[in-house]
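One structure is given below, encoded as C-alpha cells.
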Amino acid sequence: MATYIVLLGPPGAGKGTQAQIIAKEFGLMHVSSGDLFRENLKNQTELGKLAKGFMDRGELVPDDVTIAMVKDRISRLDCEKGVLLDGFPRTPAQAEALGEMLKGLGSKVDCVPYISVPAEVLIERLSGRWTCPACGRVYHEKFNPPTQAGVCDADGGALIQRDDDKSETVERRIRVYGEQTAPLIAYYRNLGVLAEVDGTQSIEEVGKLMLAAIRKVA
Ligand code: AP5
Ligand code: MG
C-alpha cells in the first residue's frame, strides 16, 4: 500500500531540507505546494499569477485552487508508491480534503512529523537561506553553506534568495502559520499520527529524529 507522510512545521522549520533526505530514504515522491506554486509562477500560468499576490504578502493561497493543484499532482503515476507532502495541508479544510481523497484511494495519512522551532530561530534561518531554482536544493549561508558561495553543489546552478524571505513578509508568514496552520497539530494528534520532533537541533540530528519517527509507522 502507498505511504503518505505530511511534514508539518512553521516557515523555515526545515521541511524542504528534511524532505530531500526522507523522500530518498523511503522512495517517496516529494510534493511541495510552495514549489508547485513557484513552478507555476516561473511558467507564467494563470495559477502562478493568482498565487503570486498571496505569496508576496505572506498569505495563504485560497483553499480551492491549492487543493485542486495538489490533488492533481498526487494522483499522477509517479506518486504511486506514496508521497511526502511538504507545506500541504496548511488549513483544516485542506486536511479534510486530503483525508477524503486518500480515503477514496483506500489509504490515509500514515505519519505527520511536526518540526517544532521557535519564531526567533525561524527568522535567522529564513534570512540566510539560499535555494537552487533548478533542483530545489536548500542551503543556509551559515548553517549549511554550499562549497562555493552562490553555486549549487548538486548541479552548479546559481543560487537565489526567495522574494518572500524579506523580514516583513517572514513575520507575516509566521503569524499566518500560527493562526491557520497550527490547529493541524491537534488535528493530527487526535488522529494518532503526529510525531513531534525538536527542530532546533542540527540538520543531521533532526534528520535522524525524523527517520526514527517515520520508521515506526511507514
Ligand atoms: P512554502 O514554500 O511551503 O514555504 P513555508 O512553509 O513558508 O516554508 P519554507 O519553505 O519557508 O521553510 P521550510 O520549512 O521548507 O525550511 P527550509 O528547509 O527551506 O510556501 C510559500 C508560500 O506559498 C506560502 O506563504 C503561501 O503563500 C503559498 N502556499 C504554499 N503551500 C500552501 C498551501 N498548502 N495553502 C495555501 N498557500 C500555500 O529551511 C529554512 C532554512 O533553514 C534553510 O536555509 C536551511 O538550510 C536552514 N535549516 C534547515 N534546518 C536547519 C537546522 N536544523 N539547523 C540550522 N539551519 C537549518
Ligand atoms: Mg520549503
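The values are calculated or read from the model by the stated rules, or taken from the named source; none is laboratory data. Source: prediction; values computed, not measured. Positions of Cβ are backbone-derived with ideal geometry, glycine not excepted, and every protein chain shown enters the neighbour counts.
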Practice item. Kindly indicate the residue of region 24-55 that is of a type in the set (Asp, Glu) and within 16 Å of ligand 2 (Cβ to nearest atom) and also surrounded by the fewest Cβ atoms within 10 Å (Cβ to Cβ) among those meeting that condition. Key: Glu39
Check your understanding: Does Gly53 satisfy the condition of being within 6 Å of ligand 1 (Cβ to nearest atom) and either within 15 Å of Arg162 (Cα to Cα) or touching a Ser or Thr at 6+ places or on another chain (Cβ under 7 Å) (or both)?
Key -> no
Practice item. Mind listing just one residue for me: the one in region 167-218 that is part of a helix (DSSP H, G or I) and among the acidic types (Asp, Glu) and, of those, farthest from Leu28 (Cα to Cα)? Key: Glu168
**Study point:** Given (1) within 18 Å of Pro10 (Cα to Cα); (2) over 17 Å from the mean Cα position of the chain (by Cα); (3) exposed (fewer than 14 other Cβ atoms within 10 Å of the Cβ), number of the condition Pro183 does not satisfy
**Key:** (2)
Practice item. Would you check which residues across region 39-62 are of a type outside the set (A, V, I, L, M, F, W, C) and in contact with a helix residue (DSSP H, G or I) (Cβ under 8 Å, 6 or more places away or on another chain) and list them? Key: Glu39, Asn40, Lys42, Gly48, Lys49, Lys52, Asp56, Arg57, Gly58, Glu59, Pro62
Practice item. Could you check region 54-134 for strands (runs of 3 or more DSSP E) lying wholly inside it with 3 or more residues that are under 23 Å from Ala2 (Cα atoms)? Key: 82-86, 112-116
Review point. Yes or no: Asp86 in contact with a Ser or Thr (Cβ under 7 Å, 6 or more places away or on another chain), away from ligand 1 (no atom under 13 Å from the Cβ) and in contact (Cβ under 8 Å) with a residue 24 or more places away in the chain?
Key: no
Revision key, fill the gap. Of (1) crowded, with 20+ Cβ neighbours inside 10 Å; (2) within 26 Å of Gly199 (Cα to Cα); (3) modelled with pLDDT of 95 or more; (4) within 16 Å of ligand 2 (Cβ to nearest atom), Tyr4 satisfies every one except (4)
